[in-house]
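First comes the structure, then the notes that go with it.
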Amino acid sequence: MAITKSTIPLPAEPDAFDPGRVVEALASVVPEPAALHEPEIAGREWEYVKECLDTGWVSTAGAYVERFEAMLADVTGVAHAVATVNGTAALHGALAVAGVAAGDEVIVPALTFVATANAVAYLGARPHFADSEERTLGLDAARLADHLERITDSRDGRCVNTRTGRPITAVVCMHAFGHPVDLDALEAVCRRFGLVLIEDAAESLGTYYKGRHTGAWGQLSILSFNGNKTVTTGGGGAILTNDADLAHTARHLTTTAKVPHAWDFVHDRIGFNYRMPNVNAAIGCAQLERLDDFVERKRRLAQAYAAALDGIAGVRFFAEPEFARSNYWLNLFLLDPGMAHCRDDLLTLCHERGLLARPAWTPMHQLAVYADEERMDLGVAEDIYRRLINLPSSPRLAPSGKVE
Ligand SMILES: *Cc1c(COP(=O)(O)O)cnc(C)c1O
(Lines give C-alpha, C1' and ligand atoms only; values in the text may rest on other atoms or scores of the structure.)
Protein backbone atom coordinates (compact mmCIF):
# COMPACT_ATOMS: atom_id res chain seq x y z
CA MET A 1 0.00 0.00 0.00
CA ALA A 2 1.34 3.37 -0.96
CA ILE A 3 2.08 5.67 1.85
CA THR A 4 -0.10 8.67 1.48
CA LYS A 5 -0.01 11.76 3.54
CA SER A 6 -3.12 10.77 5.47
CA THR A 7 -1.59 7.53 6.82
CA ILE A 8 1.40 9.26 8.39
CA PRO A 9 0.57 9.87 12.06
CA LEU A 10 0.63 13.53 12.80
CA PRO A 11 2.40 14.78 15.91
CA ALA A 12 -0.14 15.72 18.58
CA GLU A 13 -0.99 19.37 18.26
CA PRO A 14 0.54 21.18 21.22
CA ASP A 15 -2.68 23.06 21.97
CA ALA A 16 -5.05 20.07 21.62
CA PHE A 17 -6.93 18.84 24.66
CA ASP A 18 -5.07 15.97 26.31
CA PRO A 19 -6.63 14.49 29.46
CA GLY A 20 -3.32 12.85 30.38
CA ARG A 21 -1.64 16.25 30.43
CA VAL A 22 -4.31 17.64 32.74
CA VAL A 23 -3.84 14.77 35.19
CA GLU A 24 -0.04 15.19 35.09
CA ALA A 25 -0.46 18.87 35.93
CA LEU A 26 -2.73 18.02 38.87
CA ALA A 27 -0.31 15.33 40.08
CA SER A 28 2.51 17.90 40.00
CA VAL A 29 0.58 19.73 42.74
CA VAL A 30 -0.71 16.67 44.63
CA PRO A 31 1.63 13.74 43.95
CA GLU A 32 0.20 11.42 46.64
CA PRO A 33 -3.28 9.86 46.75
CA ALA A 34 -5.74 12.35 48.18
CA ALA A 35 -9.41 12.34 49.15
CA LEU A 36 -11.64 15.25 48.21
CA HIS A 37 -11.55 16.92 51.62
CA GLU A 38 -10.28 15.52 54.90
CA PRO A 39 -10.66 16.96 58.37
CA GLU A 40 -7.47 18.06 60.12
CA ILE A 41 -7.56 17.38 63.85
CA ALA A 42 -4.30 18.87 65.07
CA GLY A 43 -5.24 21.63 67.49
CA ARG A 44 -6.80 21.49 70.95
CA GLU A 45 -9.64 19.08 69.98
CA TRP A 46 -8.43 16.30 72.30
CA GLU A 47 -8.04 18.64 75.22
CA TYR A 48 -11.52 20.17 74.86
CA VAL A 49 -13.28 16.85 74.24
CA LYS A 50 -11.48 15.28 77.21
CA GLU A 51 -12.78 18.08 79.37
CA CYS A 52 -16.35 17.28 78.24
CA LEU A 53 -15.88 13.59 79.02
CA ASP A 54 -14.14 14.21 82.34
CA THR A 55 -16.87 16.56 83.54
CA GLY A 56 -19.82 14.64 82.07
CA TRP A 57 -20.98 17.64 80.03
CA VAL A 58 -21.38 15.70 76.79
CA SER A 59 -24.86 16.57 75.60
CA THR A 60 -26.88 19.61 74.61
CA ALA A 61 -26.20 21.60 77.76
CA GLY A 62 -22.63 22.72 78.35
CA ALA A 63 -20.28 25.63 78.08
CA TYR A 64 -18.72 24.68 74.73
CA VAL A 65 -21.97 25.14 72.80
CA GLU A 66 -22.25 28.73 73.95
CA ARG A 67 -18.55 29.33 73.46
CA PHE A 68 -18.76 27.92 69.94
CA GLU A 69 -21.72 30.18 69.15
CA ALA A 70 -19.85 33.23 70.44
CA MET A 71 -16.81 32.31 68.35
CA LEU A 72 -18.99 31.91 65.25
CA ALA A 73 -20.57 35.31 65.78
CA ASP A 74 -17.10 36.78 66.18
CA VAL A 75 -15.63 35.10 63.09
CA THR A 76 -18.56 35.93 60.78
CA GLY A 77 -19.42 39.34 62.16
CA VAL A 78 -23.06 38.26 62.48
CA ALA A 79 -24.64 39.15 65.82
CA HIS A 80 -26.19 35.78 66.72
CA ALA A 81 -25.31 32.14 66.04
CA VAL A 82 -27.45 29.14 67.04
CA ALA A 83 -25.58 25.83 66.83
CA THR A 84 -27.46 22.81 65.45
CA VAL A 85 -26.90 19.08 64.87
CA ASN A 86 -26.08 19.61 61.18
CA GLY A 87 -26.40 22.07 58.34
CA THR A 88 -29.57 20.50 56.98
CA ALA A 89 -31.28 20.97 60.36
CA ALA A 90 -30.03 24.57 60.37
CA LEU A 91 -31.63 25.13 56.95
CA HIS A 92 -34.88 23.53 58.11
CA GLY A 93 -34.89 25.71 61.22
CA ALA A 94 -33.92 28.92 59.38
CA LEU A 95 -36.68 28.48 56.79
CA ALA A 96 -39.23 27.82 59.54
CA VAL A 97 -38.08 30.90 61.46
CA ALA A 98 -38.30 32.96 58.26
CA GLY A 99 -41.97 31.99 58.10
CA VAL A 100 -41.82 29.67 55.09
CA ALA A 101 -45.07 27.69 55.24
CA ALA A 102 -46.70 24.73 53.53
CA GLY A 103 -47.82 25.66 50.03
CA ASP A 104 -45.21 28.41 49.57
CA GLU A 105 -42.63 28.34 46.82
CA VAL A 106 -39.01 29.08 47.65
CA ILE A 107 -36.41 30.00 45.03
CA VAL A 108 -33.48 27.55 45.26
CA PRO A 109 -30.54 27.12 42.89
CA ALA A 110 -30.76 24.00 40.71
CA LEU A 111 -27.02 23.61 41.19
CA THR A 112 -26.69 22.86 44.89
CA PHE A 113 -26.35 20.05 47.39
CA VAL A 114 -29.71 18.35 47.91
CA ALA A 115 -30.12 19.65 51.48
CA THR A 116 -31.04 23.13 50.18
CA ALA A 117 -34.10 21.77 48.36
CA ASN A 118 -34.93 19.15 50.99
CA ALA A 119 -35.23 21.73 53.75
CA VAL A 120 -37.89 23.53 51.71
CA ALA A 121 -39.76 20.26 51.13
CA TYR A 122 -39.63 19.34 54.86
CA LEU A 123 -41.91 22.33 55.50
CA GLY A 124 -44.43 21.29 52.86
CA ALA A 125 -43.22 24.17 50.68
CA ARG A 126 -42.02 23.70 47.11
CA PRO A 127 -38.55 24.44 45.74
CA HIS A 128 -38.68 26.59 42.61
CA PHE A 129 -35.39 26.12 40.79
CA ALA A 130 -33.35 29.03 39.46
CA ASP A 131 -30.31 29.12 37.22
CA SER A 132 -26.68 29.89 38.00
CA GLU A 133 -24.18 32.21 36.35
CA GLU A 134 -20.78 30.92 35.30
CA ARG A 135 -19.05 33.95 36.87
CA THR A 136 -19.97 32.83 40.43
CA LEU A 137 -21.50 29.31 39.99
CA GLY A 138 -24.40 30.68 42.10
CA LEU A 139 -27.79 32.28 41.44
CA ASP A 140 -27.94 34.65 38.48
CA ALA A 141 -29.72 37.67 39.97
CA ALA A 142 -30.45 39.44 36.65
CA ARG A 143 -32.03 36.41 35.02
CA LEU A 144 -33.93 35.57 38.22
CA ALA A 145 -35.41 39.09 38.15
CA ASP A 146 -36.50 38.61 34.50
CA HIS A 147 -38.06 35.27 35.37
CA LEU A 148 -39.96 36.65 38.37
CA GLU A 149 -41.07 39.64 36.31
CA ARG A 150 -42.55 37.26 33.74
CA ILE A 151 -44.28 34.73 36.01
CA THR A 152 -45.32 36.63 39.15
CA ASP A 153 -47.93 39.14 40.17
CA SER A 154 -48.13 41.16 43.34
CA ARG A 155 -51.38 40.21 45.15
CA ASP A 156 -52.18 41.79 48.51
CA GLY A 157 -48.51 42.68 48.79
CA ARG A 158 -47.40 39.09 48.20
CA CYS A 159 -45.35 37.83 45.28
CA VAL A 160 -47.53 35.13 43.64
CA ASN A 161 -46.55 32.68 40.92
CA THR A 162 -49.36 33.17 38.39
CA ARG A 163 -48.72 29.72 36.90
CA THR A 164 -49.39 27.87 40.19
CA GLY A 165 -51.25 30.44 42.28
CA ARG A 166 -48.75 29.82 45.10
CA PRO A 167 -46.91 32.61 46.92
CA ILE A 168 -43.14 32.83 46.44
CA THR A 169 -41.84 33.83 49.87
CA ALA A 170 -38.07 33.41 50.00
CA VAL A 171 -34.84 32.97 48.06
CA VAL A 172 -32.13 30.62 49.34
CA CYS A 173 -28.81 31.37 47.67
CA MET A 174 -25.82 29.07 48.01
CA HIS A 175 -22.14 30.01 47.86
CA ALA A 176 -20.94 27.13 45.72
CA PHE A 177 -17.66 25.49 46.68
CA GLY A 178 -16.85 28.55 48.81
CA HIS A 179 -17.29 31.24 46.13
CA PRO A 180 -19.90 33.89 46.98
CA VAL A 181 -22.84 34.77 44.77
CA ASP A 182 -23.29 38.44 43.84
CA LEU A 183 -25.10 39.31 47.07
CA ASP A 184 -25.74 43.01 46.32
CA ALA A 185 -27.51 42.11 43.08
CA LEU A 186 -29.51 39.34 44.73
CA GLU A 187 -30.49 41.48 47.69
CA ALA A 188 -31.87 44.08 45.25
CA VAL A 189 -33.99 41.42 43.53
CA CYS A 190 -35.32 40.20 46.89
CA ARG A 191 -36.21 43.75 47.90
CA ARG A 192 -37.96 44.42 44.58
CA PHE A 193 -40.15 41.30 44.81
CA GLY A 194 -40.62 41.31 48.60
CA LEU A 195 -38.77 38.04 49.18
CA VAL A 196 -36.80 36.99 52.26
CA LEU A 197 -33.12 36.30 51.49
CA ILE A 198 -31.58 33.28 53.20
CA GLU A 199 -27.95 32.30 52.61
CA ASP A 200 -26.90 28.67 52.51
CA ALA A 201 -23.32 29.43 53.55
CA ALA A 202 -22.62 25.77 54.38
CA GLU A 203 -19.53 25.83 52.16
CA SER A 204 -18.32 29.36 52.70
CA LEU A 205 -17.05 29.75 56.26
CA GLY A 206 -14.04 32.05 55.83
CA THR A 207 -15.35 33.54 52.56
CA TYR A 208 -15.90 37.28 52.20
CA TYR A 209 -18.07 39.23 49.76
CA LYS A 210 -16.89 42.83 49.34
CA GLY A 211 -15.03 42.59 52.64
CA ARG A 212 -17.93 41.26 54.71
CA HIS A 213 -18.33 37.61 55.67
CA THR A 214 -20.84 35.53 53.73
CA GLY A 215 -23.87 34.79 55.87
CA ALA A 216 -24.11 38.45 56.94
CA TRP A 217 -26.47 39.50 54.09
CA GLY A 218 -29.45 37.23 54.46
CA GLN A 219 -32.16 37.79 57.04
CA LEU A 220 -30.97 34.36 58.20
CA SER A 221 -28.16 32.15 56.99
CA ILE A 222 -26.71 28.77 57.80
CA LEU A 223 -23.35 27.03 58.14
CA SER A 224 -22.39 23.34 58.09
CA PHE A 225 -19.63 21.61 60.07
CA ASN A 226 -19.88 18.23 58.41
CA GLY A 227 -16.65 16.22 58.27
CA ASN A 228 -15.81 17.41 54.76
CA LYS A 229 -16.33 21.14 55.36
CA THR A 230 -13.58 23.68 56.08
CA VAL A 231 -14.23 23.44 59.83
CA THR A 232 -15.82 20.32 61.30
CA THR A 233 -17.57 19.36 64.52
CA GLY A 234 -18.05 15.77 63.36
CA GLY A 235 -21.57 16.73 62.39
CA GLY A 236 -22.98 20.16 63.01
CA GLY A 237 -24.44 23.35 61.70
CA ALA A 238 -25.51 26.82 62.76
CA ILE A 239 -28.16 29.42 62.04
CA LEU A 240 -26.85 33.00 61.82
CA THR A 241 -28.85 36.21 62.05
CA ASN A 242 -28.38 39.85 63.03
CA ASP A 243 -31.96 40.03 64.34
CA ALA A 244 -32.25 39.32 68.08
CA ASP A 245 -35.90 38.22 67.83
CA LEU A 246 -35.20 35.79 65.00
CA ALA A 247 -32.23 34.43 66.95
CA HIS A 248 -34.45 33.90 69.96
CA THR A 249 -37.04 32.07 67.85
CA ALA A 250 -34.32 29.99 66.17
CA ARG A 251 -32.94 28.90 69.55
CA HIS A 252 -36.43 28.15 70.89
CA LEU A 253 -37.54 26.20 67.83
CA THR A 254 -34.36 24.12 67.64
CA THR A 255 -34.57 23.17 71.34
CA THR A 256 -38.06 21.56 71.27
CA ALA A 257 -39.81 24.92 71.86
CA LYS A 258 -39.69 24.28 75.60
CA VAL A 259 -40.89 27.13 77.77
CA PRO A 260 -38.14 27.81 80.35
CA HIS A 261 -39.14 26.40 83.73
CA ALA A 262 -37.31 24.72 86.61
CA TRP A 263 -39.12 21.40 86.24
CA ASP A 264 -42.23 21.62 84.09
CA PHE A 265 -42.41 20.40 80.49
CA VAL A 266 -44.41 22.88 78.47
CA HIS A 267 -43.77 23.31 74.74
CA ASP A 268 -45.54 26.16 72.99
CA ARG A 269 -44.86 25.10 69.37
CA ILE A 270 -44.01 21.92 67.52
CA GLY A 271 -40.26 22.32 67.93
CA PHE A 272 -37.23 20.37 66.75
CA ASN A 273 -34.55 18.55 68.74
CA TYR A 274 -31.75 20.15 66.73
CA ARG A 275 -29.35 21.50 69.40
CA MET A 276 -25.66 20.72 68.89
CA PRO A 277 -24.19 18.49 71.65
CA ASN A 278 -21.37 19.86 73.79
CA VAL A 279 -18.77 17.30 72.60
CA ASN A 280 -19.30 18.39 69.02
CA ALA A 281 -19.07 22.05 70.00
CA ALA A 282 -15.81 21.30 71.85
CA ILE A 283 -14.32 19.98 68.62
CA GLY A 284 -15.72 23.04 66.84
CA CYS A 285 -14.04 25.49 69.23
CA ALA A 286 -10.66 23.87 68.62
CA GLN A 287 -11.28 23.83 64.86
CA LEU A 288 -12.37 27.49 64.70
CA GLU A 289 -9.17 28.52 66.45
CA ARG A 290 -7.42 27.30 63.30
CA LEU A 291 -9.78 28.70 60.66
CA ASP A 292 -7.37 31.37 59.42
CA ASP A 293 -4.62 28.79 59.02
CA PHE A 294 -6.96 26.40 57.15
CA VAL A 295 -8.08 29.12 54.75
CA GLU A 296 -4.57 30.42 54.23
CA ARG A 297 -3.36 26.97 53.19
CA LYS A 298 -6.44 26.31 51.05
CA ARG A 299 -5.80 29.56 49.18
CA ARG A 300 -2.18 28.55 48.67
CA LEU A 301 -3.32 25.20 47.25
CA ALA A 302 -5.71 27.03 44.92
CA GLN A 303 -2.84 29.17 43.67
CA ALA A 304 -0.76 26.06 42.99
CA TYR A 305 -3.58 24.40 41.03
CA ALA A 306 -4.17 27.61 39.08
CA ALA A 307 -0.50 27.82 38.12
CA ALA A 308 -0.32 24.15 37.16
CA LEU A 309 -3.39 24.34 34.91
CA ASP A 310 -2.46 27.68 33.40
CA GLY A 311 -1.92 27.36 29.66
CA ILE A 312 -3.22 23.79 29.45
CA ALA A 313 -5.69 23.48 26.60
CA GLY A 314 -9.32 22.67 27.30
CA VAL A 315 -9.50 23.53 31.00
CA ARG A 316 -9.90 26.67 33.09
CA PHE A 317 -9.20 26.79 36.82
CA PHE A 318 -12.05 28.57 38.61
CA ALA A 319 -10.70 31.60 40.47
CA GLU A 320 -12.63 33.67 43.00
CA PRO A 321 -14.90 36.37 41.50
CA GLU A 322 -13.46 39.92 41.62
CA PHE A 323 -15.64 40.91 44.59
CA ALA A 324 -14.65 37.90 46.68
CA ARG A 325 -12.07 36.56 49.04
CA SER A 326 -12.97 32.86 48.87
CA ASN A 327 -12.07 30.00 51.18
CA TYR A 328 -11.63 27.70 48.14
CA TRP A 329 -13.47 24.99 50.06
CA LEU A 330 -13.36 22.73 47.01
CA ASN A 331 -11.04 23.71 44.19
CA LEU A 332 -12.45 23.17 40.74
CA PHE A 333 -11.85 23.63 37.06
CA LEU A 334 -14.24 23.83 34.14
CA LEU A 335 -13.75 21.98 30.89
CA ASP A 336 -14.09 24.18 27.82
CA PRO A 337 -17.62 24.02 26.39
CA GLY A 338 -16.59 21.64 23.59
CA MET A 339 -14.85 19.24 25.97
CA ALA A 340 -17.70 18.28 28.31
CA HIS A 341 -17.82 14.77 26.82
CA CYS A 342 -14.31 14.15 28.28
CA ARG A 343 -15.40 14.73 31.89
CA ASP A 344 -15.89 11.12 32.92
CA ASP A 345 -12.66 9.94 31.25
CA LEU A 346 -10.82 12.66 33.10
CA LEU A 347 -12.43 11.67 36.40
CA THR A 348 -11.42 8.03 35.78
CA LEU A 349 -7.81 9.06 35.05
CA CYS A 350 -7.73 11.16 38.22
CA HIS A 351 -8.98 8.25 40.30
CA GLU A 352 -6.37 5.96 38.75
CA ARG A 353 -3.75 8.42 40.04
CA GLY A 354 -5.37 8.36 43.48
CA LEU A 355 -6.79 11.86 43.11
CA LEU A 356 -10.40 11.52 44.23
CA ALA A 357 -11.83 14.27 42.03
CA ARG A 358 -15.62 14.58 41.72
CA PRO A 359 -18.25 16.07 39.45
CA ALA A 360 -20.71 18.64 40.80
CA TRP A 361 -24.05 17.49 42.24
CA THR A 362 -26.70 16.31 39.81
CA PRO A 363 -28.85 19.43 39.33
CA MET A 364 -31.95 19.26 41.52
CA HIS A 365 -34.50 19.25 38.68
CA GLN A 366 -32.78 16.16 37.23
CA LEU A 367 -33.49 14.19 40.42
CA ALA A 368 -36.73 12.20 40.11
CA VAL A 369 -38.04 13.58 43.42
CA TYR A 370 -37.83 17.19 42.15
CA ALA A 371 -38.48 16.66 38.44
CA ASP A 372 -41.96 18.20 38.57
CA GLU A 373 -41.14 21.38 40.48
CA GLU A 374 -41.36 24.88 39.04
CA ARG A 375 -38.24 26.21 37.37
CA MET A 376 -36.82 28.81 35.06
CA ASP A 377 -34.57 27.89 32.15
CA LEU A 378 -31.65 26.02 33.74
CA GLY A 379 -29.28 25.89 30.79
CA VAL A 380 -26.29 27.35 32.62
CA ALA A 381 -26.60 25.05 35.66
CA GLU A 382 -26.85 22.05 33.34
CA ASP A 383 -23.84 23.23 31.36
CA ILE A 384 -21.74 23.85 34.48
CA TYR A 385 -22.70 20.40 35.78
CA ARG A 386 -21.39 18.77 32.60
CA ARG A 387 -18.09 20.68 32.67
CA LEU A 388 -17.12 20.99 36.34
CA ILE A 389 -14.55 18.88 38.19
CA ASN A 390 -13.80 19.32 41.90
CA LEU A 391 -10.26 18.64 43.07
CA PRO A 392 -8.77 17.33 46.33
CA SER A 393 -8.69 20.40 48.58
CA SER A 394 -7.61 19.47 52.11
CA PRO A 395 -5.40 22.12 53.75
CA ARG A 396 -2.63 19.54 54.23
CA LEU A 397 -2.15 19.41 50.44
CA ALA A 398 -0.97 23.01 50.25
CA PRO A 399 2.62 23.52 49.13
CA SER A 400 4.75 25.26 51.72
CA GLY A 401 5.39 28.98 51.39
CA LYS A 402 3.24 32.04 51.81
CA VAL A 403 0.60 33.70 49.68
CA GLU A 404 -1.66 36.69 50.08
C1 LIG B 1 -22.88 20.54 53.46
C2 LIG B 1 -24.01 21.31 52.94
C3 LIG B 1 -25.23 21.48 53.65
C4 LIG B 1 -25.50 20.89 55.00
O5 LIG B 1 -25.05 19.64 55.15
P6 LIG B 1 -25.02 18.82 56.53
O7 LIG B 1 -24.29 17.59 56.09
O8 LIG B 1 -26.43 18.58 56.90
O9 LIG B 1 -24.27 19.58 57.57
C10 LIG B 1 -26.21 22.27 53.10
N11 LIG B 1 -26.04 22.88 51.93
C12 LIG B 1 -24.90 22.77 51.22
C13 LIG B 1 -24.76 23.52 49.96
C14 LIG B 1 -23.86 21.97 51.69
O15 LIG B 1 -22.74 21.85 50.96
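Scanning region 169-194 for residues that are in contact (Cβ under 8 Å) with a residue 40 or more places away in the chain, surrounded by 24 or more Cβ atoms within 10 Å (Cβ to Cβ), of a type in the set (A, V, I, L, M, F, W, C) and in contact with a Ser or Thr (Cβ under 8 Å, 6 or more places away or on another chain) yields 172, 174, 176, 181. Restricting attention to region 54-69 and to residues that are surrounded by fewer than 13 Cβ atoms within 10 Å (Cβ to Cβ) and not hydroxyl-bearing (Ser, Thr, Tyr), the residue that is nearest to residue 248 (Cα to Cα) turns out to be 61. Just one of the listed residues (264, 245) is part of a helix (DSSP H, G or I) and either under 26 Å from residue 178 (Cα atoms) or in the same structural domain as residue 107 (by TED's automatic domain parsing) (or both), namely 245. Considering only residues in region 53-108 that are part of a loop (DSSP other than H, G, I, E, B) and at pLDDT below 95, the one that is nearest to the ligand (Cβ to nearest atom) turns out to be 60. Count of region 196-210 residues, restricted to those that are within 13 Å of the ligand (Cβ to nearest atom) and out of contact with any Asp or Glu (no Cβ under 9 Å at 6 or more places or on another chain), is 8. Restricting attention to region 359-379 and to residues that are touching a His at 6+ places or on another chain (Cβ under 7 Å) and in contact (Cβ under 8 Å) with a residue 12 or more places away in the chain, the residue that is surrounded by the fewest Cβ atoms within 10 Å (Cβ to Cβ) turns out to be 374. So which residues in region 116-138 are buried (at least 24 other Cβ atoms within 10 Å of the Cβ) and within 11 Å of the ligand (Cβ to nearest atom)? Scanning region 116-138 gives 116, 117, 119, 138.
The values are calculated or read from the model by the stated rules, or taken from the named source; none is laboratory data. A quick note: this is a predicted structure, and the numbers were derived from the prediction, not measured. Virtual Cβ from ideal backbone geometry, glycine too; neighbours counted across all protein chains shown.
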